[in-house]
Amino acid sequence: MPGGIYIAYNTRDKGKDLFKVGITKNFKNRLESLNTSGVVGNIKYLETFSLDNGLEIIEKKIHHEISRKYPREKGKEWFHCPSEIIIETIKKVINPSNNLKIDMEHLNNEIFQFLINDPNLDLVKISLFANQHNWPCHIGSGLTPYHNWERAFYILANKELEINNRNLFKYLRLRGSLYENNLKEFPDYCNFLQDLQNKIRKTNLRRYINETSFYFQPNRNNLKHLGMAIWLLEPLEKINKVLTIEWGSQIKQILNNNNIVWREGYLRYSDLEIMEKFLEVRRDNRI
């Protein structure tokens, strides 16, 4: 009997929206193993999806998507989620070409293959890559094209979750018309911003600055690269202030000043000016 993805439930919990989502190479053997003597009730399959390849990555993606809004049993694959939501999520993950239109212009751009293939991608590597390729990073009136940055950050946010390249970039080219008051109108893009925010929130800013300090002069591009991330996340940051708390505390520690006040009440790209002034007088622009 073939394997793939399964949705299972315990007959004793019928009607409670509690389902197990897992993978197996053999549906028959897996069901038998689920119904061990230590299980109270009877485990049955609600639905199965036959697949041959990439099961581990697909499972991780499915669990990630369900967990955005629905809780799971700690350390287990059981989710408190309506079955129709689980089924819809699985179908979206295993058939990504049926989602939103793919941005073929950038999908076929070989410049991104380095970032896609780097197993240890982080903000430092993206910044070094952007500096090498002279990506524009000016924010404000007459914003220069930010699409390269958006795509690079999308790769970073989805590094462990992408199944293959055809699923890249399908939600992008939205930031220019996105604000905190219409964020809910674009749930897929909002999910991308949340994933990116979670990915970079623990970035060590001291390490970042020191490893990119050689191109601080003359245009402060390494800080502007950080500014691109802050600007991209601004609609979400206004709501939850995650970078304001975590990056903000690092900035205050670096400057040895806990009295810094963010002008708009949350960390904006323009607030990095205080870092610019600090680094201008540091040896080799390092911390």
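The values are calculated or read from the model by the stated rules, or taken from the named source; none is laboratory data. Because the structure is predicted, anything quoted here is derived from the model rather than measured. Here Cβ is always computed from backbone atoms with ideal geometry, including for glycine, and neighbour counts include all displayed protein chains.
Below is a table of values for the structure above.
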item: Given (1) in a loop (DSSP other than H, G, I, E, B); (2) modelled with pLDDT of 95 or more; (3) among the basic types (K, R), number of the condition R263 does not satisfy; result: (2)
item: Residue that is free of Cβ contacts under 8 Å to residues at least 40 places away in the same chain, within 25 Å of L128 (Cβ to Cβ) and of a type in the set (G, A, S), where the choices are G227, G248; result: G248
item: Among (1) at pLDDT below 80; (2) of a type in the set (S, T, Y); (3) under 14 Å from L236 (Cα atoms), the one test that Y189 misses; result: (1)
item: Sole residue being of a type in the set (F, W, Y), under 25 Å from the mean Cα position of the chain (by Cα), modelled with pLDDT under 95 and within 27 Å of L178 (Cβ to Cβ), chosen from W231, W247; result: W231
item: Residues (over 15 Å from T212 (Cβ atoms) and modelled with pLDDT of 90 or more) located in the stretch 126-156; result: F153, L156
item: Selection count, the stretch 10-25, where residues are crowded, with 18+ Cβ neighbours inside 10 Å, over 13 Å from E73 (Cβ atoms) and not polar (S, T, N, Q); result: 1
item: Complete set of residues in the stretch 7-56 that are under 17 Å from K92 (Cβ atoms), without any contact (Cβ under 8 Å) to a residue 60 or more places away in the chain and in contact with a Leu (Cβ under 8 Å, 6 or more places away or on another chain); result: I23
item: Residue count for the stretch 1-59, restricted to those that are among the β-branched types (V, I, T) and not in a strand (DSSP E or B); result: 6
item: Complete set of residues in the stretch 60-74 that are under 14 Å from the mean Cα position of the chain (by Cα) and part of a loop (DSSP other than H, G, I, E, B); result: R68
item: Residue match in the stretch 200-219 (condition: free of Cβ contacts under 8 Å to residues at least 40 places away in the same chain, in contact with a helix residue (DSSP H, G or I) (Cβ under 8 Å, 6 or more places away or on another chain) and either surrounded by 21 or more Cβ atoms within 10 Å (Cβ to Cβ) or among the aliphatic types (A, V, I, L, M) (or both)); result: no
item: Candidates L272, L232, filtered to the one that is under 29 Å from Q132 (Cβ atoms) and touching a residue at least 60 places away in the same chain (Cβ under 8 Å); result: L232
